[in-house]
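Below: the structure, in structure tokens.
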Amino acid sequence: MSATDEKAPAASIANLTVALTRDGVRAEVLRGVDLKIQRGEIVGLVGESGSGKSVLALALMGLLPSSSRPETTGTITIAGTDMIDGSAEQIRAVRRHELGVIFQDPMTSLNPTMRVGRQITEATGDKAESLRLMSAVGIQDAALRFTVYPHELSGGLRQRIMAAIASAGRPSLIIADEPTTALDVTVQAQVLDLLRQLRDEFGCSVVLITHDLAVAAQIADRIAVLYAGRIAELGPADVVLREPTHPYTVGLLNSRLALDTPRDTVLQTLRPETATVAERMRGCAYSSRCPLADDTCRAQQPPLLAVDGSGAVDGSEHVRACWRDAATVRELALTRSDAPRILVSGSSTESAAPAVVVEGVHQRFVVRSGGRKREVHALRGIDLTIGAGEAVSIVGESGSGKSTLLRAIAGLVPVTSGRVDVARGGAQMVFQDAGSSLTPWLSVGEILGERLLPLRLGKTETAARVTTALEAIGLPASVSRVRPADLSGGQRQRVALARATMIPPAVLLCDEPTSALDASLAASVLNLIRGMREELSMTVLFVTHDLSVARLMGDRVVVMTEGRIVEDGTADQVIHHPEHPYTRSLLASVPEIEAVR
Amino acid sequence: MTRFLLRRTGSAVVLVLVLTAVVFVLQAVSPGDPVKAYLGNNASPAAIAAQRQALGLNDPLPVQYFHYIVHALQGNLGMSLRTRRPVMADLHDFLPATVELVAVAFVLALLLGSLYAVSGSLRWPGGAFFRGPLLVLATAPPFLLALGGIILFYAQLQVLPAAGRGVDSTGPSGFVLIDSILGGDATEFVAGVQHLVLPAVILSIAPSISIGRILRSSLDSTLASDYVRTARSKGLRPIVVLGKHVVRNSLGPGLSMAGLQLGFMFAGVVVVEQVFSWPGIGNYLAASIPTSDFPAIAGVTLVLGIIYIVANALVDVLQALADPRLNA
């Protein structure tokens, strides 16, 4: 730690505005952000994709990508150094001595061709210190692991290596940008513990950037909610979570899926964005989506003021940027919207033949890495019967074999041994990454029309069917002329869903269709699948790593680990009375926001 | 790593065997009679029959193939119909000149290609003034460049010679540059360089663009990668980030392309050697083709093929060294 005043904040951001130019379009990504990060505190920076949270992280490090021609006004001061106008030499010294960073994906964030020990030593400058840090971040047999390459480590260990690099040189501030998003829940809990431990042991501050309020809730002292490049609400974590005073925070909390989200109602979502960029620049950026917005909200940008009305802002109190009074917003939080009930169980028809029968399925792959061949036994004797009209969720962590099972049912890979039967009508699949599963050079209309080819409908009839299918997923008919790249992530996933269900399949297979989406968007896609299921009495097999999603999407929940099914029961049984120790450990790792609402 | 090396060597050996089979068939179906090449056109029929028997030409084809391989391994590639000397002796005379030319051109191609890639990726000011002309030159066919080069540097400016290697190399290595250094002969070295410059530069231009463009696109994607961002966030100096994190991870595609281009350069050297009267196998080959000198053609094919296979095997090994994931 540098010899600056002990009471000075670890980092202070004042009136920071950043404009980036991407694809020839200049946009203000951050607009007048004020934030002081005190010494030794953990600040959770929460926002949806596009809120500017990652740009803030890059700005803090002075690493805004020069390719997007950043224009910055305002100030960022870390250890007395101006991170915007300081010399390259000074900024680099701050990065070296005062800052540590942990990025989202530890696989891509570590140099694949350099031994991890060397990558740590680049930051520490000393092998003994690197080994000490490796032990400090919980890496066992540090001396052995020192000489391996990143691809030889698990995701959790890789993120610990990143943590060791980040804590090199006793930084005064660690910036963690979605450090757990790419990891399994059990590993996520460990990494969050590690961040708290780094703060406790080294006394450094932590900026934890996340899209998940519950993740921030685990370890943050203060939470800042970012919306469209501005701070919407900022305050002590328990206050912001328990007494949110900004409608956006309330919306985020309500649309978050948890283990106690009601199963029999439509999931709450935020209103979709309807305003143009210009309209959003004029008043409160959230006004077009806010259920409480009035004319003032649409006309003037609200200032960031203390909730208790004391006026002065020194950084520690609860502040928000909203014209409506706090009491009204509190009411919004308490009144759960009168969501219509939907039918989620009992549609299974016992008498009909099962939609999917899987018997004694084994799946082995030979993985060739360089000279050596290694056999992966992905499925080890799976028996699963899914009745017609049933909704089943499969939960497991990466490597559990859940996606392999889904692919086997879809017939995408031949199984090594055993039997897979799918009823007439076949299986259709919706993948995690809708962006890459839609052919980029075809228009949405062509992608959907392709599915109708075997029916030989003719041009007009096909076009009519495409329009109906788009209506069913809540998109206007004009979307059929658009290419996938011009759609948002949520819209793309809707199109993928339309493609799969245009001709109703015997079973709809969903492979983590919402894990890449923001909470509210994910909820709306889940609503769509549940609605379709009800309407078409379709059989749905839903694969996810998220227990709360599994509970919502399946009457039955199947837990898989290491290629085996270890638990299979009704959703309530599995969530509330888990029998297998693995299910219990999964449940214990799910981040929850306690006693809110 | 040893497993990888063994596997790669194994596949290279198989490739060479396939190549010899092709070359053997080429010889077997060739119209020239190797016996007459040995004995001359005036030999008696009895002598020819005896020689055929002695050379094993009456044996079944597989047996002949086996003998061909055994002979090739012993350095016997048959007699040239045109020069009436063993093909091996001809190759020994002509190959060093070509290898020297291609080696220098290849090093030049690597340098120009790297400069092209780095100046583009790092947006060096003025880099476009280098890349533009290089691109324009690469669009012209080599013979045109060669003629233009001779007109400009030999006829007009009179700074470079137009033909030959400048010396009758009789030194131990067969390479002018190496022999002159070994012999401590500065004049000969300078003459060697002067004669090499023009053909080598012309031979290197097209490959340098191929290597440079591939290398540039992989540099660009590496510079944008997450781990380079991590390296920067450590506060490393830009030159350290470049040297330790960017370059090594960008080499793979460039190396593959370099291996391919080396093979193409040996094939393309024929034209350049013709224009510059370079006493190498390109010229030898060009003289052998009109006279249907199949043993000579087959010999050159075999040697070039082996060089190509060895070069690409080497590239694979270098790639494995650069990227530990390839031999995990």
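So here's what we get for this one:
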item	result
Residue among A:Ala232, A:Val367, B:Asn312 farthest towards the positive dipole end of the protein assembly as shown, charges placed on Cβ	B:Asn312
Distance in nm between pseudo-label sites at B:Asp220 and A:Glu375 (7 Å out along the Cβ direction from Cα)	4.5
Residue-span extension gain [A:Arg456 to A:Arg564] - 0.36 nm each, minus C-alpha spacing	34.6 nm
Inter-chain shielding of A:118-128 (mean C-beta neighbours from other protein chains, 10 Å cut-off)	2
Angle in degrees between helix B:45-55 and the longest Cα principal axis of chain B, rounded to the nearest 10	40
Cα-based Rg / Dmax (Å) for the stretch A:29-101	12.4, 34
Hypothetical label at A:Thr416: residues of the stretch A:375-394 whose amide nitrogen lies under 17 Å (7 Å Cα-Cβ projection)	A:375-383
Neighbour-count ranking [beta-carbon atoms within 10 angstrom, fewest first] of A:Glu471, A:Glu89	A:Glu89, A:Glu471
Within 10 Å of each Cβ in A:91-101, the average number of Cβ atoms from other chains	3
Label-point separation, A:Glu71 to A:Glu201 (7 Å along Cα→Cβ), nm	4.6
DSSP bridge pairs, chain A: antiparallel proportion in percent, nearest 5	60
Positive-pole candidate from A:Ala293, A:Thr265, A:Ala485, dipole of chain A, charges at beta carbon	A:Ala485
Cα-based Rg / Dmax (Å) for chain A	25.3, 77
Whole-angstrom gap from the stretch B:47-100 to the stretch A:358-419, using each part's C-alpha centre	59
Per-residue mean of C-beta atoms belonging to partner chains within 10 Å, peptide A:324-333	0
Potential lengthening between B:Val29 and B:Thr2 on full extension [0.36 nm per residue; Cα-Cα distance subtracted]	5.6 nm
P(r) weight above 17 Å for the stretch A:528-597, C-alpha pairs, percent	47
Directionally averaged shadow of chain B, computed from the convex hull of its alpha-carbon atoms, nm²	21.8
0 to 90° range, to nearest 10: angle between helix B:294-322 axis and chain B longest Cα axis	30
Within straight-line cross-link reach of A:Lys402, aspartates and glutamates at Cα separation under 12 Å, skipping those fewer than 8 residues along the same chain	A:Asp511, A:Glu512, A:Glu562
Dipole of chain B, positive direction: furthest Cα of B:Val300, B:Leu122, B:Leu285, with charges on the beta-carbon	B:Leu122
Residue pairs, from the table A:Lys127/B:Lys234; A:Lys36/B:Lys244; A:Lys53/B:Lys244, whose Cα atoms sit over 24 Å apart	A:Lys36/B:Lys244; A:Lys53/B:Lys244
Extension gain from A:Asp572 to A:His151, taking 0.36 nm per residue of separation minus the Cα-Cα distance	147.7 nm
For the stretch B:108-147 versus the stretch B:161-234, the gap between their alpha-carbon centres in whole angstrom	14
On Cα atoms only, tilt of B:247-275 relative to the major axis of chain B in degrees	40
Given charges at beta-carbon only (K, R positive; D, E negative), |dipole| of the stretch B:95-283 in Debye	1220
Relative contact order for chain B, counting Cα pairs under 8 Å that sit 6 or more residues apart, in percent	27
Chain A - charge dipole about Cα centre, Lys and Arg +1 at Cβ, Asp and Glu -1, debye rounded to 20	1560
Using a Förster distance of 41 Å, the FRET efficiency for A:Arg22-B:Phe130 (Cβ separation, nearest 0.05)	0.90
Debye equation applied to the C-alpha atoms of the stretch B:95-283, log10 I(q)/I(0) at 0.08, 0.11, 0.14 Å⁻¹	-0.33, -0.58, -0.83
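Here, each number is a calculation from the coordinates, and none is a lab measurement. What you see is a predicted model; the values in this text were computed from it and never measured. Note: ideal-geometry Cβ built from the backbone for every residue, glycine included; neighbour counts use all protein chains shown.
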